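Data first, discussion second: the structure below is written as structure tokens.
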Amino acid sequence: MRRTFAALAIAVMVAASALVAVERHWRGRGYTPIIVDAPDLWSLQRAKATSAPNAIVFLGASRTLYAIDRDTVRSRLPQYEPVMLAMDGRYPLATLRDLAADANFRGTVICDIDGAGFAAPSLDMQKPEVDFYRHEFSPSRAAHRLMLNHWQLDAVIARSDFSMLRSAVRWWSDEGAPFHPYQWLDRRRFGHIDFERGDKESQKRELARNLERFGGHLPRIPFAEWWPQVEAANGWVRTIQAAVAT
Amino acid sequence: MLGFWLPDNFRSPYAATGFSDFWRRWHISLSTWLRDYLYLPLGGNRGGGLFTMRNLMLTMLLGGLWHGAAWTFVAWGAFHGLMLVLERVAEPAIAATSRVLGGVGTLLGGLLTLLGVLIAWVWFRAPDFAHAAQIHHAMLVPTDTSANLSAEAKIALIVFSLMWLMHWLWRHHDLRRWLRRRGAVALGFIWASLIVSIVLSPGVSRAFIYFQF
């Protein structure tokens with residue numbers, strides 16, 4: 001028994017020392033802990049949209065994810081519980097459809113979408129997360145995610161870029177240091193962007209590339225391919241409005 | 001630990017030299033449960049050849065379904081059941097070949113079992129048969145890009161090869177007994193390396209595979 005306790009003490013000390021050394025190494029290079037978005041984090045908020053009767057749910061893509069400030073919403077609309085379901089780079093119709101199909105949802109929806117968001121290929125962009133919430137999310141996953149939030153908020157090494165595998169791949173393929181993020185999510189998925197920290201030159205190049213690709217305009221969508229989704233979305237909005245009225 | 005006895009659950013499974021050997025080494029608590037509560041109550045091997053084969057197939061099909069309600073798990077169980085049946089049918093031929101080939105035959109048996117087990121894992125992991133077919137195609141059919149493996153693929157190959165070698169070298173050894181003979185310092189460092197490996201392997205979401213239960 002003494003041998004087991006001695007081994008356990010040595011293991012804890014050696015492991016803690018090694019992990020602290022790795023953590024300090026990355027912090028010394030300017031990295032800070034971040035919450036990593038994932039289907040289970042989204043599903044926690046999706047569950048709150050149903051369970052909170054006073055939920056005000058934000059749907060959209062990156063504009064919504066990073067431009068809505070939770071503290072401002074809470075101070076201006078204290079009777080509502082803000083819930084963020086927007087997703088970076090993905091249009092929100094699949095989530096709107098899911099909320100309309102949820103007989104227990106009684107909240108308010110603020111949905112940000114542009115014309116391209118109604119194109120047929122955009123319809124199911126958020127469906128993987130919706131499917132995850134419907135078929136795989138469980139109380140045990142919720143508990144796991146809540147604990148993971150604390151770990152990700154406290155430790156740089158919780159980010160997969162600093163895993164042993166990714167470090168080995170970077171070393172093998174002679175990649176540079178991991179990406180320094182300039183956008184963050186909090187544990188409720190409300191995002192923030194520090195435009196000063198972004199790589200402005202590469203962003204300019206990316207924008208120029210996109211504009212060149214589309215000839216200065218977004219691709220034109222034929223009316224017949226666009227209108228059915230508008231009609232469907234209108235139906236989902238009516239369903240949600242009717243549910244709130246009952 | 002705290003008065004509980006935790007039995008061995010895995011015993012160098014990738015060093016198995018046949019599918020019956022694999023199931024004596026892989027997820028031993030499950031295979032023991034399947035044997036005691038399905039295979040033996042069904043009649044085990046008491047009713048002759050065909051009856052035994054039926055019981056093996058039924059046990060493995062239900063073992064597949066135990067992992068999840070999907071046809072891919074049924075296919076995984078069916079493949080293992082079929083391999084167990086074939087092994088039983090070919091038992092005299094396998095024994096005769098082993099006598100002739102000796103150690104080379106054992107190694108060959110091990111490699112063939114490993115190949116079969118890896119092919120079957122695809123059904124276990126893939127969300128549907130279409131994805132499984134794509135993965136099988138990529139695994140088994142050489143293409144122009146096969147030689148240009150990514151860094152991730154090369155590292156996975158090296159790690160898996162080392163793991164297989166360790167399994168093979170340890171196939172007749174008892175890890176528990178070996179660890180019992182180590183001193184506190186060596187044991188502490190082994191445990192520390194495991195803790196560090198676990199903590200430094202975060203993914204986007206590393207949820208426990210059995211959360212669905």
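Right, residue A:166: part of a helix (DSSP H, G or I), in contact (Cβ under 8 Å) with a residue 12 or more places away in the chain and over 21 Å from residue A:99 (Cβ atoms) or not? If you could, list the steps in order and put the result at the bottom.
On the way: part of a helix (DSSP H, G or I): yes; in contact (Cβ under 8 Å) with a residue 12 or more places away in the chain: yes; over 21 Å from residue A:99 (Cβ atoms): yes.
It is true that residue A:166 is part of a helix (DSSP H, G or I), in contact (Cβ under 8 Å) with a residue 12 or more places away in the chain and over 21 Å from residue A:99 (Cβ atoms).
A quick yes/no check of all residues on (1) within 14 Å of chain A (Cβ to nearest Cβ); (2) among the β-branched types (Val, Ile, Thr); (3) assigned to a helix (DSSP H, G or I):
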site: B:104; (1), (2), (3): no, yes, yes
site: B:115; (1), (2), (3): no, no, yes
site: B:118; (1), (2), (3): no, no, yes
site: B:127; (1), (2), (3): yes, no, no
site: B:130; (1), (2), (3): no, no, yes
site: B:134; (1), (2), (3): no, no, yes
site: B:158; (1), (2), (3): yes, yes, yes
site: B:165; (1), (2), (3): no, no, yes
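Could you say whether any residue in segment A:52-73 is part of a strand (DSSP E or B) and either within 14 Å of chain B (Cβ to nearest Cβ) or small (Gly, Ala, Ser) (or both)? Give the steps one after another, and end with the answer.
First, pick out the residues of segment A:52-73 that are part of a strand (DSSP E or B): A:55-59.
Of the ones still in play, those that are also either within 14 Å of chain B (Cβ to nearest Cβ) or small (Gly, Ala, Ser) (or both) are A:55.
Looking through segment A:52-73, at least one residue is part of a strand (DSSP E or B) and either within 14 Å of chain B (Cβ to nearest Cβ) or small (Gly, Ala, Ser) (or both).
Quickly run through segment A:1-38 and pick out the residues that are at pLDDT 95 or above, crowded, with 18+ Cβ neighbours inside 10 Å, out of contact with any Gly (no Cβ under 8 Å at 6 or more places or on another chain) and within 8 Å of chain B (Cβ to nearest Cβ).
A:15, A:22
Filter segment B:188-210 down to the residues that are modelled with pLDDT under 70 and among the hydroxyl-bearing types (Ser, Thr, Tyr), then identify the one that is nearest to the chain's Cα centre (by Cα). It would help to see each step written out before you state the result.
Quick first cut of segment B:188-210, residues modelled with pLDDT under 70 only: B:203-210.
Filter once more, so that each one left must be among the hydroxyl-bearing types (Ser, Thr, Tyr): B:205, B:210.
Numbers: B:205: 24, B:210: 17 Å.
This residue is B:210.
If you scan segment B:1-42, which residues turn out to be surrounded by 13 or more Cβ atoms within 10 Å (Cβ to Cβ), part of a loop (DSSP other than H, G, I, E, B) and of a type outside the set (S, T, N, Q)? First the steps, then the outcome.
If we filter segment B:1-42 for residues that are surrounded by 13 or more Cβ atoms within 10 Å (Cβ to Cβ), which is where we start, we get B:9-28, B:30-35, B:38-40, B:42.
With part of a loop (DSSP other than H, G, I, E, B) added as a condition, the list becomes B:9-12, B:16-18, B:26-27, B:40, B:42.
Scanning segment B:1-42 gives B:10, B:11, B:16, B:18, B:26, B:27, B:40, B:42.
If residue B:45 meets every condition in (1) under 28 Å from residue B:7 (Cα atoms); (2) part of a helix (DSSP H, G or I); (3) touching a Ser or Thr at 6+ places or on another chain (Cβ under 6 Å) apart from one, which number is that one?
Evaluating residue B:45 over (1) under 28 Å from residue B:7 (Cα atoms); (2) part of a helix (DSSP H, G or I); (3) touching a Ser or Thr at 6+ places or on another chain (Cβ under 6 Å) leaves (2) as the failure.
Testing residue A:47 on (1) within 14 Å of chain B (Cβ to nearest Cβ); (2) out of contact with any strand residue (DSSP E or B) (no Cβ under 9 Å at 6 or more places or on another chain); (3) of a type in the set (A, V, I, L, M), one condition comes back false. Which one is that?
Tallying (1) within 14 Å of chain B (Cβ to nearest Cβ); (2) out of contact with any strand residue (DSSP E or B) (no Cβ under 9 Å at 6 or more places or on another chain); (3) of a type in the set (A, V, I, L, M), residue A:47 fails exactly one: (1).
Between a residue in segment B:92-121 that is within 28 Å of residue B:132 (Cβ to Cβ) and any residue that is surrounded by fewer than 13 Cβ atoms within 10 Å (Cβ to Cβ), which pairs come within a Cβ distance under 9 Å, given they are 6 or more apart or on different chains?
What qualifies is B:118/B:139; B:119/B:139; B:119/B:140.
Among the listed residues A:114, A:154, A:161, A:131, identify the single one that is surrounded by fewer than 18 Cβ atoms within 10 Å (Cβ to Cβ), among the acidic types (Asp, Glu), free of Cβ contacts under 8 Å to residues at least 40 places away in the same chain and within 13 Å of another protein chain (Cβ to nearest Cβ).
Working: A:114 fails: within 13 Å of another protein chain (Cβ to nearest Cβ); A:154 fails: free of Cβ contacts under 8 Å to residues at least 40 places away in the same chain; A:161 fails: surrounded by fewer than 18 Cβ atoms within 10 Å (Cβ to Cβ).
Matching residue, one of A:114, A:154, A:161, A:131: A:131.
Which of the residues that make up segment A:134-151 are within 8 Å of chain B (Cβ to nearest Cβ) and basic (Lys, Arg)?
Of everything in segment A:134-151, those that are within 8 Å of chain B (Cβ to nearest Cβ) and basic (Lys, Arg) turn out to be A:141, A:145.
The values are calculated or read from the model by the stated rules, or taken from the named source; none is laboratory data. In this text the structure is predicted, and so the values were computed from the model without any measurement. Note: ideal-geometry Cβ built from the backbone for every residue, glycine included; neighbour counts use all protein chains shown.
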